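Beneath this line is the structure, given in structure tokens, with notes to follow.
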Amino acid sequence: MALLELRNVWFKYPGMEQYVLKNLSLKLKKGLIYLITGPNGAGKTTLIMVAAGLLKPEKGEVFFRGKPLYEQLPGARRYFGVLFQNPEAMLFNPTVFDEVAYGLRQILSDPNKVYERVKETMGRIGLSSKYLSRYVHSLSYGEKKLVAFASIISYDPEILLLDEPFTNLSEEYREKILRILLEMRDNGKSVLIVGHIADVPTKYVDEAFYLNKGHLEALNIESS
């Protein structure tokens, strides 16, 4: 059984005549990395938001663990880690510690456990504890991306939905994110990356798809 499934999904934004997603179906299983690529404006970010339950399709259904996702919200959100392309859209706490701790505070009542998990997460992404007191606005773009990534992996989600996680990053930061994604895949997590093929280490991708004009097609990345 798929961990997450989009089944015959249709979606368009209010006031628009054209559908962004048209009869789209997708299954994400545990322990696999998926890639969705396609031209700019194809609806890749919209697909992520529908998959995460942030947007509800006009027709069709999203299933999580075999049951309709929208019937499991908001509780099911803790199992989803969503990373948007622009880290500025995600970072809204003053310090790095508060940012990484935000999601943890929703599920852990002990402040000491929150602190220890934040430190552990920072170590995983390769940023020292000296960053914890840094103001988010003072970070570089790459550091903001890593902190945004840390804020979602800190609570150990089952599904990662990542919007261009490697774009505009140095090789060092790309390697940090990739290492953690491979760890999470090996621990049975499901990882969906949307982005351009040139930015993604495709040799680690298990299944790839091409999104264009609302439709999703299987993609052979070895010949792309």
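Of note:
- Using alpha carbons only: equivalent-ellipsoid semi-axes of the chain, gyration tensor based, whole Å: 29, 20, 17
- Of all accessible heavy-atom area on the chain, the percent that carbon and sulfur account for (1.4 Å): 48
- The spacing between the range 96-167 and the range 4-64, judged by their C-alpha centroids, is 27 Å.
- Length gained on full extension, Ala2 to Gln72: 23.6 nm, using 0.36 nm per residue less the C-alpha separation.
- What the range 135-218 shows is 41 Å² of accessible area per residue, with the surface traced by a 1.4 Å probe over protein heavy atoms.
- With a threshold of 26 Å on the Cα-Cα distance, the over-threshold entries among Lys56/Lys113; Lys59/Lys144; Lys67/Lys189; Lys12/Lys67; Lys44/Lys113 are Lys56/Lys113; Lys59/Lys144; Lys44/Lys113.
The values are calculated or read from the model by the stated rules, or taken from the named source; none is laboratory data. Source: prediction; values computed, not measured. Note: areas computed on protein heavy atoms with side chains; ligands, DNA, RNA excluded. Shrake-Rupley method; radii C 1.70, N 1.55, O 1.52, S 1.80 Å.
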